Amino acid sequence: MAKIIYIEHNGTRHEVEVKNGLSVMEGAVKNNIPGIDGDCGGACACATCHVYVDDAWRDKVAAPEDLETSMLEFAESVEESSRLSCQIVVSDALDGLTVRMPESQH
Ligand code: FES
């Protein structure tokens, strides 16, 4: 289990416990957190789970693979800290991970 902190674009903060092995996207969808759609169910095929990883956590989250990097080209407002949250797997090491959601996923 790890506590994941999701911050909506409007600043609304959600702290939820997410089981190890689930993705950060699944943690949001299971807890009805708005701002992460996850339309493709985590197949890295829609880019509607785009988040910005908090600076303090960027070194602790594994680097994106090529497929994720190319899917991010379809997301809006991509920044250096952008990730697809379906590709970030929750583990104890990510306890306290903070991600921010973009204004829109479309
Ligand atoms: S849920 Fe579709 S790319 Fe992440």
A correct Stokes-Einstein calculation for the range 4-95, using the alpha-carbon Kirkwood radius, 4 °C and 1.567 mPa s, returns a whole-number D in µm² s⁻¹ of 98
Pseudo-spin-label distance K19 to S104, built 7 Å along Cα→Cβ, given in nm, is 3.5
Per residue, accessible area of the chain with a 1.4 Å probe, heavy atoms of protein chains only, in Å², comes to 54
For the chain, the percent of accessible surface on carbon and sulfur atoms (probe 1.4 angstrom, ligands and nucleic acids excluded) is 46
GNM of the chain, Cα pairs under 10 angstrom: of D66, D39, D95, the biggest fluctuation goes to D66
Connecting every pair of Cα atoms under 10 Å apart in the chain and solving the GNM, the largest mean-square fluctuation among A62, A75, A28 falls on A62
Out of T69, T48, T12, a Gaussian network model of the chain with alpha-carbon springs under 10 Å gives the largest mean-square fluctuation to T12
Placing each pseudo-label 7 Å from Cα in the direction of the beta carbon, N10 and N31 end up separated by a distance in nanometres of 1.9
Note, the range 92-102: 3J(HN,Hα) by Karplus (6.51, -1.76, 1.60, θ = phi - 60°), whole Hz, Gly/Pro = x, goes 4, 5, 9, 4, x, 3, 10, 10, 10, 9, x
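The values are calculated or read from the model by the stated rules, or taken from the named source; none is laboratory data. Bear in mind the structure is a predicted one, so any value in this text is a computation, not a measurement. For neighbour counting, all protein chains shown are included, and Cβ atoms are generated from backbone atoms with ideal geometry for every residue, glycine included. Keep in mind that these areas ignore ligands, DNA and RNA; they rest on the heavy atoms of the full protein, side chains included. Shrake-Rupley method; radii C 1.70, N 1.55, O 1.52, S 1.80 Å.
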